[in-house]
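**Student:** Got a structure for you, questions after.
The values are calculated or read from the model by the stated rules, or taken from the named source; none is laboratory data. Because the structure is a prediction, the values reported are computed rather than measured. Using ideal geometry, Cβ is built from the backbone for each residue, glycine included, and neighbour counts are taken over all protein chains shown. Keep in mind that these areas ignore ligands, DNA and RNA; they rest on the heavy atoms of the full protein, side chains included. Shrake-Rupley method; radii C 1.70, N 1.55, O 1.52, S 1.80 Å.
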Amino acid sequence: AALVLLCSSAAAVVAWKWLGKRQIQKKMEEARRTRDEGVKKMAKAVQQFREQVPSVQTDSILSLPLLELSGKLQEGSLSPKTVLYTYIEKALEVTQQTNCLRHFIPECEEQLQEIQQQEEKGLLYGIPVSIKDHIGHKGHLSTCGLVQCLGTPVQEDSVLVKVLKRQGAIPFAMTNVSQSLFNYDCSNPIFGQTLNPFNHQKSPGGSSGGEGALIAGGGSILGIGSDIGGSIRLPSSFCGLCGLKPTAKRLSVWCTRLLNVDVCFHPTPVPCALGPMARDVDSLALCMKALLCEEMFQLDPTVPPIPFDEEVYSSSAPLRVGYYDTDGYMPLPPCMRRAVRETKEALQAAGHQLVPFSPPRIHYVMNELFLKTFFADGGRAWLNVFTGGIVDPNLKSQVNCCKIPRLGKKLLALILKPLCSLIKLKNVATISTCRSVKEMWNHHHQIEAYHTEFIARWRELQLDVVLCPVLGPAFTTGYPGKLLTAISSTMLYNVLNFPAGVVPVSTVTEADEEELKLYRGCCDDPWDQTLKQVCNMETVGLPVAVQCVALPWQEELCLRFMKEVETLSRGK
């Protein structure tokens, strides 16, 4: 009898697990079916529009920079309807090639009618805008690529979406992300892998990779991403775009889903920031100018009421620029360091003053401040978001690492120490934890102390801005999950909460690939070898970018510096 009961119990457990997995699969299939139906609906709407207005000059509209397009919409020489359907048609083409869209927003047709009834035309009147998956839009899911987020649609627009609409923009698409937003590739088990439009073997970066692919492919002229470790700047680097991570809270994050919680603010000492992505710096500036308005300050009183300072952005005064081409943590490929050196020389020739700068204690920032912020509990809260154990292959190494007991991590570190750089080993094998509230408060204090130290060095050199590298060129899909340690170039400015932007300045050359043969990295360990391997895979012609940084709340100065870099690189 006991054996029968045991067998029955075991069978019940197996059946229960099977039913649970089946239910999860049904949820995922339903989400994909909804997406596909939305695509078909939009394709039909585009076809109907083309039949009504067959003479639309699609290529000429798509080739217009944002400022020119905005001007034509404001003066009435182009209609918002024509522009919207032109971009929807192109987005359909781009997502077919790259799988960048998570969902079209059919309510864009209602927004089209509403803006034409507004008394005043907003700064973004008639501009189609794409938004990242987890930025709340009423009536749509905010998934973060997670099964547990497939249940209830968002009940109201996020503050950012409300302000975009008030300024006349038309949100028309939500874009794909990496699962849980914690990867700089762009794939998840629900909606699949997004590809780089320049090379379908490459990743578009992440977690705002859907935005990167859609804009770079020409299917959107302006997008909104988010950044907590480089998630705006890395896709911008990989896809040849301009992207700005503002100071956190310069733009509202109210009603934006971060991991498994709907939040009005992100309570960690390394906060999430929302920001624009586009094809040029002027587009980022126009977007920031439109968003930094009274409407946002009223809807979210936690956002400092600081309007966009056009005078700072338009200034032509010479700048005192700090620069470095490596942070000493994980040396980047030759092409990325070349980009910094060439940009530095161009800035000097243009009359700016260039000063060598070295960020202090970058190993400490990565190994202690960054990791302890996100894995203060050893990663337990993060592991809880993976309902039913559905984990994207690109995240499995990090997930498995978090599952190792604390003692096991220490033993693993000891065993691997002779083989690998201890610096990066600590990142992977011995994720730091805060074992008490006191230790957590001390951790917060350490971050504040580092802020003070960094700003003191900045002030000592009397810098206006800093020029530095960003990770690139685009990695082959699947590799970002193997090289979490490579994001030090962007992560530093999340820990500091400084505004930072990316500007494309060059492309990979054959000479860069030749020089890569001599690359040894920091320690010639497995991480360095993996980086060398991925950067030697069909990279000639891919975009190469630099990073521009300013002090907190100085987004206009950061953008002004980015504009200077962009102008000089295009002139070259």
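**Student:** How many nm is it between the label spots at Gln529 and Arg50, if each spot is 7 Å from the Cα in line with the beta carbon?
**Tutor:** 5.1 nm
**Student:** By the gyration tensor of its Cα atoms, with a ≥ b ≥ c the square roots of the eigenvalues, what is the shape of region 284-421: rounded for a/c under 1.5, prolate for a/b over b/c, or oblate?
**Tutor:** Note, shape of region 284-421 comes out oblate.
**Student:** Can you show me the helix-derived [θ] at 222 nm for the chain, built from DSSP H runs with n ≥ 4 at -39,500 (n - 2.57) apiece and divided by the number of residues, rounded to the nearest 500.
**Tutor:** Here the helix-only value at 222 nm equals -13500 deg cm²/dmol.
**Student:** A follow-up question, please. What is the sum of charges around Tyr493, taking Lys and Arg as +1, Asp and Glu as -1, for the other residues whose C-beta is under 12 Å from the C-beta of Tyr493?
**Tutor:** Net local charge, Tyr493 excluded: 0.
**Student:** Given a Förster radius of 45 Å and the C-beta distance between Lys72 and Arg457 as r, what FRET efficiency does 1/(1 + (r/R0)^6) yield to the nearest 0.05?
**Tutor:** After rounding to 0.05, the efficiency reads 0.45.
**Student:** A further question follows. With θ set to phi - 60°, apply the Karplus curve 6.51 cos²θ - 1.76 cosθ + 1.60 along region 480-496 and write out the HN-Hα couplings as whole Hz, x wherever there is a Gly or Pro.
**Tutor:** Values, residue by residue: x, x, 8, 10, 4, 5, 7, 8, 4, 4, 9, 4, 3, 7, 7, 4, 7 Hz.
**Student:** Taking the alpha-carbon distance from Lys132 and a cut-off under 19 Å, which lysines remain once sequence neighbours fewer than 8 residues away in the same chain are dropped?
**Tutor:** Of all the lysines, those that pass the test against Lys132 - Cα under 19 Å, at least 8 places apart if same chain - are Lys90, Lys162, Lys165, Lys245, Lys249.
**Student:** Right, something else. Between Met537 and His445, 0.36 nm times their residue separation minus their Cα-Cα distance comes to what?
**Tutor:** That pair, Met537 and His445, stretches by 28.9 nm at full extension.
**Student:** Then there is this: So, taking all protein chains as they sit and a 1.4 Å probe, how much accessible area belongs to Arg459, in Å² rounded to tens?
**Tutor:** Accessible area of Arg459: about 150 Å².
**Student:** What whole-number value in Å² describes the accessible area per residue of region 51-160 for a 1.4 Å probe?
**Tutor:** Accessible area per residue: 42 Å².
**Student:** Take every DSSP beta bridge with both residues inside region 130-228 and express the antiparallel ones as a percent of the total, to the nearest 5.
**Tutor:** Around 40 percent of the beta bridges assigned by DSSP in region 130-228 are antiparallel ones.
**Student:** Still on this structure, I have one more. Sort Trp527, Trp553, Trp254 by heavy-atom solvent-accessible area, probe 1.4 angstrom, most to least.
**Tutor:** So, going from the largest accessible area down, we get Trp553, Trp254, Trp527.
**Student:** HN-Hα J couplings of region 284-297 from phi, Karplus 6.51/-1.76/1.60, θ = phi - 60°, integer Hz, Gly and Pro as x?
**Tutor:** In residue order, the calculated couplings are 4, 5, 4, 4, 4, 4, 5, 6, 7, 10, 4, 4, 5, 5 Hz.
**Student:** What is the set of long-range amide H partners of Gly225 at a cut-off below 5 Å, with H atoms built 1.01 Å from backbone N?
**Tutor:** The answer is Gly275, Met277.
**Student:** For a protection proxy built on the mean count of beta-carbon atoms within 10 angstrom, sort 378-388, 210-220, 469-479 highest first, please.
**Tutor:** Packing order, densest peptide first, comes out as 210-220, 469-479, 378-388.
**Student:** Ignoring ligands, DNA and RNA, please state the percent of accessible area on the chain from carbon and sulfur, probe 1.4 Å.
**Tutor:** Heavy-atom surface of the chain belonging to carbon and sulfur, 1.4 Å probe: 55 percent.
**Student:** Please give the per residue accessible area of region 478-539, computed with a probe of 1.4 Å over protein heavy atoms only, in Å².
**Tutor:** Here the per-residue accessible area is 36 Å².
**Student:** Right, here's the next one. So for His444, His137, His451, what's the accessible-area order with a 1.4 Å probe, most first?
**Tutor:** Most to least solvent-accessible, the answer reads His444, His451, His137.
**Student:** How much accessible area per residue does region 169-245 have, in Å², with a 1.4 Å probe?
**Tutor:** For region 169-245, the per-residue accessible area is 11 Å².
**Student:** Expressed as a rounded percentage, what relative contact order does the chain have, with Cα pairs under 8 Å and six or more residues apart?
**Tutor:** Relative contact order, the chain: 16 percent.
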